[in-house]
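Since every read-out is calculated from the coordinates, none of them should be taken as a lab result. These numbers come from a predicted model, not from an experiment. Because the Cβ atoms are built from the backbone with ideal geometry, glycine has one as well, and the counts that use them run over all protein chains shown.
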Amino acid sequence: MFLSESIHWTGLVDPVAFTIFGRDIAWYGIIITLAMLSGLVAATIRAKKIGMTFDDLVEVFICAIPLAIIGARIGYVMVRPEYFPQGFDWNDFVRVIAVWDGGLTIMTGVPFGVLGAWLWSKWRKVDFVDIADVVIPVVLLSQGLGRWGNFMNQEIYGAPITNPNLQWFPMAVYIARMGGWYQATFFYEMVLDILFFVAIVILLRHLKVKGAGICLYTFSYTLIRFVLEFFRDDGKLYEVINFNQIICGVLALISAGLLAFLIVYNIKKGNKVWYGKGGIPKELLPHIQISSKSKKESK
């Protein structure tokens, strides 16, 4: 990589944090791990109000995170033929599974993580939707924080910015290997993820509709990706709507429509769906109770 004193600090980042026993440890992996732990803390705080303990959440994460990582890696490598050369050998296999070097796709990671949480709910015999409404919105927070891993890898940036008046962070980021300034789309997505997460948390304090948390997360994430796909392709501005945008646009519409349907359905049934000042009374919140017998049997 060509570096000089004139390069902005955003182009001087080193993707390697340190080396242990000859193995480089990337900032990407460290940041993704910290983002997941932040999500666990946030999920624990949110889940307390429905009776779930820290131990319960750890179990959920143990079931969900490995599957999410597997799904995210599969989604990343399957669309990149360079990972599957002719004469596929052990070294190529290591490259395929090398998540520590970067390369995860959230679009395929989240469904696999949800599958892990669903399997946990079946194992513990508890209501999956009640858990998902609380936990899934937290994924937005983890996704946003995890985008700093992309920054350390100098990836997830947008179109070139040639106007010197706009060449400042966070409007733009300097990409050293490209030798210029580009839209800091990783940062745009981080900000949007966190803002939508906060908005969802506030809404769910007042909106009592089973499934609302799932719908709000799906709508928020797919809407964010739909918008940012216009800019994000490591310097190549999309001129037409691409396949990812079609999927995201459809999912955003479906999730918004489903939430509207659930609200109308509950209103027609005579259920109160909105609680103003003070939010939803504690006694009306769902309560997750994992029997001590079930826990003993699993030990």
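The figures follow:
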quantity	calculated
Failed item, numbered, when Pro160 is tested on (1) out of contact with any strand residue (DSSP E or B) (no Cβ under 8 Å at 6 or more places or on another chain); (2) more than 30 Å from Ala199 (Cβ to Cβ)	(1)
Selected residue [surrounded by 15 or more Cβ atoms within 10 Å (Cβ to Cβ), in a strand (DSSP E or B) and touching a Phe, Trp or Tyr at 6+ places or on another chain (Cβ under 9 Å)] from Tyr182, Tyr221	Tyr182
Answer residue from region 185-212, given it is touching a residue at least 12 places away in the same chain (Cβ under 8 Å) and of a type in the set (Val, Ile, Thr) and is surrounded by the fewest Cβ atoms within 10 Å (Cβ to Cβ) among those	Val191
Residue list for region 24-62, restricted to those being without any contact (Cβ under 8 Å) to a residue 24 or more places away in the chain, over 21 Å from Asp127 (Cβ atoms) and of a type in the set (S, T, N, Q)	Thr33
Test: residue in region 188-205 that is assigned to a strand (DSSP E or B) and more than 19 Å from the chain's Cα centre (by Cα)	no
Complete set of residues in region 132-189 that are of a type in the set (D, E, K, R) and either in contact with a Pro (Cβ under 9 Å, 6 or more places away or on another chain) or under 28 Å from Leu204 (Cα atoms) (or both)	Asp133, Arg147, Glu189
Some residue of region 143-153 being farther than 23 Å from Ala184 by Cα and either part of a loop (DSSP other than H, G, I, E, B) or among the aromatic types (Phe, Trp, Tyr) (or both)	no
Filtered residues of region 80-96 (kept if surrounded by fewer than 11 Cβ atoms within 10 Å (Cβ to Cβ) and aliphatic (A, V, I, L, M))	Val94
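Residue-by-condition table, conditions (1) under 30 Å from Lys49 (Cα atoms); (2) more than 20 Å from the chain's Cα centre (by Cα); (3) hydrophobic (A, V, I, L, M, F, W, C):
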residue: Gly75; (1), (2), (3): no, no, no
residue: Val79; (1), (2), (3): no, no, yes
residue: Ser121; (1), (2), (3): yes, yes, no
residue: Val129; (1), (2), (3): yes, no, yes
residue: Val134; (1), (2), (3): yes, no, yes
residue: Arg147; (1), (2), (3): yes, no, no
